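Data block below; observations after.
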Amino acid sequence: MKFLRENSLLLCLLAGVTFLAFAKLGDKPLHLWDESRTGINAIEMLNTGDWINLHFAGGPDEIRAKPPLLIWLVAASFETFGFNNFSLRLPSALATIFIFFFLFKIIHLYKPPWFAFATCLILISVRGIIGYHVGRTGDFDALLVCFLLAGLYYFLRYLDFDRTKLIYPAGIFWGLAFMTKGPAMAVLFPGILLYLIQTGRTRQLFSKKIWTAIGICMLFPLGWFITIHGFGHHFENAQYSGDNVFQRMFLYDIIDRFTDTNFEGKRESSDAFYLFRYLETSFKYWHYIFYLVLIIGVSRILFKVEKLSFKPDQLLLVLAVNIWFSLGLVLSLVTATKPWYMAPAAPFIAITIAYGIEWLYQYNYRQDRYIPQLFVAFLLF
């Protein structure tokens, strides 16, 4: 019966996500810059037959410095369904379904199915995943988040549930994340490292299986490095840092992004309040609950009303807080940021909000039978 309930909730969730991801997917005009450039890259890949180098306007694309996995998928979609907006956005829409699938599975490792379902409903109701530049446009971010969560799911099954052989799929999925958006594959790693430190399990980083999985993951960037040096374009008189795509991924997309206040011709500086601005725009209305829970939680710990707990059902919260905090902190130091850079942490913000609602219900409103109804009303609002 429990198994049926879990599957029923998951199927209902995926049905809703599929509708929201695909409804009128091709109706809106293409967005300038990233999405349009993705379409042009895929069309020129089909026209040139060059499946390694990206092209734009009849020549090598000197701006984009990402591996071509998404472009391969978009090109395949164009070949199958024709050259249209729907085909361009199809890989992102499909990735969105798997994002919610793996998020549900991750949460259900630690919490009951209803909690996983409620958390996913929170995430559905905001712009963090199903929206512009992630789940409903032809951009890199939905596919990146999909592979990151898939890798995390198998890593957590290895780490917290002793499924030792499942560390290897984690390496594969995180390697595919590199093939999607290069070094962005590592955005969850600082939070995961903090999680290991706080829970006293850093010794597991030195296990043979971990290093084998790291080796599997590193095969992807190593293979891409060899491919680019053998068959990649060399940029003469390049207007951006790096002589080839592989160099540019690190010099331009990371170092320049962190240090150049004139990055991409836009005069910008780091935004110390980036995380708060992201919450206000992407988690509108829910962010009030987020702040309330954060203030109460920190206050209770500081005043020793409550101790930090690493009980099994609290481990997910510890992981979630470390992930959104570490990524938000890093992005607050970057000179050029966009809202979708925080997309990999959006599921973990939703998890934190869900924990907060559960905590408020259990500790403050245990006798109030209307809290679930208020949650549904707020969700619809």
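The values are calculated or read from the model by the stated rules, or taken from the named source; none is laboratory data. Here the structure is a predicted model, which means the values were calculated and not measured. When we count neighbours, we look across all protein chains shown, and the Cβ atoms used for this are built from the backbone with ideal geometry, even at glycine. These accessible areas exclude ligands, DNA and RNA; they are computed on the full protein's heavy atoms, side chains included. Shrake-Rupley method; radii C 1.70, N 1.55, O 1.52, S 1.80 Å.
Which of the chymotrypsin sites (Phe, Trp or Tyr not before Pro) found in the stretch 1-104 are in a DSSP loop and have at most 14 neighbouring Cβ atoms, other than their own, within 10 Å? Could you put the intermediate results ahead of the total?
Details: sites: F3, F19, F22, W33, W51, F56, W72, F78, F81, F83, F86, F98, F100, F101, F102, F104; in loops: W33, W51, F83.
Taking the stretch 1-104 and a limit of 14 other Cβ atoms within 10 Å, the loop chymotrypsin sites (Phe, Trp or Tyr not before Pro) found are W33, W51, F83.
To the nearest ten degrees, helix 141-161 and the longest principal axis of the Cα atoms of the chain are 50 degrees apart.
Fully extending the segment from I255 to Q314 would add 17.6 nm, taking 0.36 nm per residue of separation and subtracting the current Cα-Cα distance.
With all protein chains in place and a 1.4 Å probe, the accessible surface of the chain carries 66 percent carbon and sulfur. To the nearest ten degrees, helix 167-181 and the longest principal axis of the Cα atoms of the chain are 50 degrees apart. Placing unit charges on the Cβ atoms only, positive for Lys and Arg and negative for Asp and Glu, gives the stretch 96-212 a dipole magnitude near 320 debye about its Cα centre.
Against the chain, whose longest principal axis comes from its Cα atoms, helix 371-380 is set at around 20 degrees.
Remark: accessible surface ordering of R127, R277, R136, R37 (largest first) is R127, R277, R136, R37, probe radius 1.4 Å. Of the residues F56, I97, H108, the one whose Cα sits farthest toward the positive end of the charge dipole of the stretch 1-110, with +1 on the Cβ of Lys and Arg and -1 on the Cβ of Asp and Glu, is H108.
Contact order, relative form, for the chain: 18 percent (alpha carbon pairs under 8 Å, 6 or more residues apart, mean separation divided by residue count).
Show I295, I323 ordered by accessible area, largest first, where the area counts protein heavy atoms only and the probe is 1.4 Å. Write out the running numbers ahead of the final one.
Details: I295 110, I323 0 Å².
Ranking I295, I323 by accessible area, largest first, yields I295, I323.
With all protein chains in place and ligands, DNA and RNA left out, the 1.4 Å accessible area ranks L302, L188 as L302, L188, largest first. Please compute the per residue accessible area over the chain with all protein chains in place, 1.4 Å probe, rounded to a whole number of Å². Dividing the accessible area of the chain by its residue count gives 49 Å². Using the alpha-carbon centroid of each, what span in Å lies between the stretch 149-183 and the stretch 83-98? Measuring centre to centre over Cα atoms gives 23 Å. Simple point charges give the picture: +1 on the Cβ of Lys and Arg, -1 on the Cβ of Asp and Glu, and for the chain a dipole about the Cα centre of about 1560 debye.
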